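Below is one structure; the comments refer to it alone.
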Amino acid sequence: MSLQSLYEVAREHRSMVRVLLSAPEGAGRTHLLGTQAHVLRVDVGKGPLGAQTLRALTGAEGSDDAVLETLRATLAREEPDASRRRTAVELLASLLGVRRPDFLTAHLDEDSRREGAVLELARQVTYAARDGLILAFDDAHLADDEGLAFIEFLSQREAPTPLVLLVSHDADENRFIPSFRSRRATWLRDVRWRTLPVPALSRARVVALLKTAGASEERAARLAE
């Protein structure tokens, strides 16, 4: 099945579709995700998965004040209770390193703050997917233990939400960190997970694409090599 057809399955059944997408380096995993509709791509290679996911969902960037303003505006559309909203904003902000002594959550220990932040981030994913979403963790083989634990946490949720949970990774197992290798092996044994390999382009296909883009026969051959 194609990625788009899996999205339609999630929409039809209002449920989660779990997908492991693999491809050799340079085969165009990231390009594929960029050409699909309804994809929210999280670039795991750019930093901690939780923080990158929050940025992709909300656009929270910049100074501490800018991050808080963005999160407050986002949560204002979702959470009517002011006290509950303030706590959620503070927990999410902690994923981006924003903490202040006047926060209601300032007294929490690290484990409690992390657990609360994960729950709030999962709620953000559920809200974003209310009309259908492909949440793509690109280069997931680079994720640390905490990031992989978040993907696992999401995968176990059974909310009636049309979400394609896509774990995109390199096909070369030599590039896996041990924790990703172990986690992926567990997912492969779980019948709820589907696999979607992306084959490498042939040299002839690469040459044809380069010529279509305007390269001469000779230059296309050199670049393809």
Among (1) under 29 Å from R192 (Cα atoms); (2) open to solvent by 60 Å² or more (accessible area, probe 1.4 Å), the one test that P101 misses: (1)
Close pairs (7 angstrom Cβ cut-off, 6 or more residues apart or separate chains): closer than 19 Å to A117 by Cβ in region 69-83, outside any helix (DSSP H, G or I) anywhere: T70/G59; T70/A60; L71/A60
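Yes or no, residue by residue, for (1) in a helix (DSSP H, G or I); (2) charged (D, E, K, R); (3) out of contact with any strand residue (DSSP E or B) (no Cβ under 9 Å at 6 or more places or on another chain):
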| position | (1), (2), (3) |
| --- | --- |
| T126 | yes, no, no |
| I151 | yes, no, no |
| A185 | yes, no, yes |
| L196 | no, no, no |
Region 8-28, subset modelled with pLDDT of 95 or more and part of a loop (DSSP other than H, G, I, E, B), residue most open to solvent (accessible area, probe 1.4 Å): R14
Any helices (runs of 4 or more DSSP H) falling wholly within region 40-97 and containing at least 3 residues that are farther than 28 Å from H141 by Cβ and among the acidic types (D, E): 64-76
Selection count, region 152-161, where residues are in contact with a Lys or Arg (Cβ under 8 Å, 6 or more places away or on another chain) and closer than 18 Å to A128 by Cα: 3
Answer residue from region 176-222, given it is modelled with pLDDT under 90 and among the basic types (K, R) and is surrounded by the most Cβ atoms within 10 Å (Cβ to Cβ) among those: K211
Selection count, region 139-158, where residues are over 17 Å from W193 (Cβ atoms) and open to solvent by less than 40 Å² (accessible area, probe 1.4 Å): 2
Matching residues, region 174-209, being touching a residue at least 24 places away in the same chain (Cβ under 8 Å), within 16 Å of P24 (Cβ to Cβ) and hydroxyl-bearing (S, T, Y): T195
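The values are calculated or read from the model by the stated rules, or taken from the named source; none is laboratory data. Predicted model, so just to flag it, every value in this text is computed and none were measured. Virtual Cβ from ideal backbone geometry, glycine too; neighbours counted across all protein chains shown. For accessibility, only protein heavy atoms count, side chains too; no ligands or nucleic acids. Shrake-Rupley method; radii C 1.70, N 1.55, O 1.52, S 1.80 Å.
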